[in-house]
Structure formats: C-alpha cells, structure tokens
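To start, the structure under review is shown below, and the notes come after it.
Only the coordinates and a few stated rules stand behind these numbers; no lab work does. Just so it is clear, the model here is predicted, and its values are computed rather than measured. In this analysis, Cβ positions are derived from the backbone assuming ideal geometry, glycine residues included, and neighbour counts consider all displayed protein chains.
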Amino acid sequence: MNIENNTNNNSVENYQIIPIMPEAMAIFQIDKKKHQEFKAKIEHLMDTADDKYRRDVPPEDKREFLCNNRFQNVLLDFPDLKELHSILEESALDFIKKTGFTCDQVVITDAWVNKYRLGSTLPTHRHANSYISGNYFINYDKSINSPLTFTNDRVVTSQAPAIKLEPDKSNKTPYNRPDYSILCDEGTVLLWKSHLLHGYSKPEMGDNRLTLSFNVMPKIAGVGEQFSFAVDENNRV
Ligand SMILES: [Fe+2]
C-alpha cells in the first residue's frame, strides 16, 4: 500500500472542532421606571423587615440576607413585590420555551435578597433542587461591584470528581477558559441552568451590592408517559 498517495481525511490536519450543545443564558433588562420602583421597595425592606426574615451571620460578616430560609420567599412574603414576582416567573417560563422545552407553568420555589459589602466575595457554588436559577441586579455598578462569574467545570473541578488537565496558556479556546464573567448593568436579570457553578472571587470594591436570587422549577416536570412529578407552590417544606 502506497501511504504517500493516500489522502487521509482523518489526519490531525483535517479534523474540525465544533461547538455542540452550547450553554444558554438569558439576559434582559427590567423596564427602567419599574426597576427604580422595585429597587426602592427592596432597599426599604432591607432597612425595615422584621428580624425573622434575616439570616443570622456572624457580626464580622460582610453580608446580609433577607428570606434566605427554606420557609421564606421574598417575592411571596412581601405583597409589594407581586409585580416583580410575575415578571421573573414569566421570564423563566419564556426562557424554558425559547430554548425549546415543553412547559406550561413554573414556580419560583426560593427567592431571597443578598447584600454584599466592601471586601466580600461569593464562593463558587451551584443551586441544588432547582431547574433554572436567576439573579436580579438591584443596586449594582459594574465599575465597582464584582461581576457574577460562571466557572468552566473543564478547568475548575473543585466540587466534583473529574479528570483535569492544565490549560495551555498559549492556546486559548472557548473550551479552556476558566470562567466567564457577565458585565451587566443595574436592572439586569440573568437566568441559567441551576447546576452551573457561579460566584465571584474578586473582592467587592463597593459597599452595597444588592441582588435578588431565585430558583425556579417547572410546575409539572415530566417526560413521556412514564415519569413525572408536580411542584406544590402552596407548601414550603
Ligand atoms: Fe447562587
């Protein structure tokens, strides 16, 4: 066999790398006037809400949380936020539909407010028992407040058993970047698949980074004729 005269279409010179199944992230802006209304209401809540809605953190902690408890939901416990609840719920349902999945109704199962002060960071984490998660940037200036950063689990595998290789710094690709930071404006809402790793390690340069986090489940999660379950929005357990 004359190897030299054979064209080898499988040689390393000819192969392609194609991006398959890209990750979806929704990014949209709340109407500016509405955002100012929601911001005023939530800042007021942060100042006045009863202690029972606040998570206990050590006195030296640089963070404050409102309704970060499985029996609480800031969008349901404070009727003033009913309109925001509807907007976030509709947007999550729309995200699921736009990415091509069948869903008639969603339930925001958790919603809480985070205030992060000067020097604070948000350790990388993912949200369990949730299908879609989101973040609404309530008081936020991208020039001083840290961006929410999504971690590439090919590179950073701290939370799961996996095989890991050192990224080649001379060959940067979409696949070996360690993370992806979203530089957004105040009033933005991000939605993503809940098991994506996220957080930020850049210490806060602002003193009042205010965001609302939420988890969303389909009201009925089912595939085919065999398996399904329903989420009961009237019970918090
Ligand atoms: Fe989170």
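Given the alpha-carbon gyration tensor of region 40-156, what are the semi-axes of its equivalent ellipsoid in whole angstrom, ordered largest first, with each equal to the square root of 5 times an eigenvalue?
25, 21, 14
Checking the Cα-Cα distances for Lys32/Lys98; Lys97/Lys164; Lys172/Lys202 against a 32 Å cut-off, the pairs over it are Lys97/Lys164. Sparse packing (at most 13 other Cβ atoms within 10 Å of the Cβ) combined with a DSSP loop state is found for the following trypsin sites (Lys or Arg not before Pro) in region 132-228: Lys164, Lys169, Lys172. Axis angle, to the nearest 10 degrees, between helix 82-98 and the longest C-alpha principal axis of the chain: 10 degrees. Around the Cα centre of the chain, unit charges on the Cβ atoms of Lys, Arg, Asp and Glu (plus for the first two, minus for the last two) sum to a dipole of about 260 debye. What the pair-distance distribution of the chain shows, using all Cα-Cα distances binned every 5 Å from zero, is 1, 5, 11, 15, 17, 16, 11, 8, 5, 3, 2, 2, 1, 1, 1, 0, 0 percent. Of the residues Gly100, Leu197, Asn176, the one whose Cα sits farthest towards the positive end of the charge dipole of the chain is Asn176 (charges of +1 on Lys and Arg Cβ, -1 on Asp and Glu Cβ, taken about the Cα centre). Label sites at Arg154 and Thr121, each approximated as a point 7 angstrom past Cα along Cα to Cβ, lie 2.5 nm apart.
Only sites in a loop by DSSP and with at most 15 other Cβ atoms within 10 Å count here; which chymotrypsin sites (Phe, Trp or Tyr not before Pro) in region 99-183 make the cut? Let's see the in-between values first.
Numbers: sites: Phe101, Trp112, Tyr116, Tyr131, Tyr136, Phe137, Tyr140, Phe150, Tyr175, Tyr180; in loops: Phe101, Tyr131, Tyr140, Tyr175.
Filter output for region 99-183: Phe101, Tyr175.
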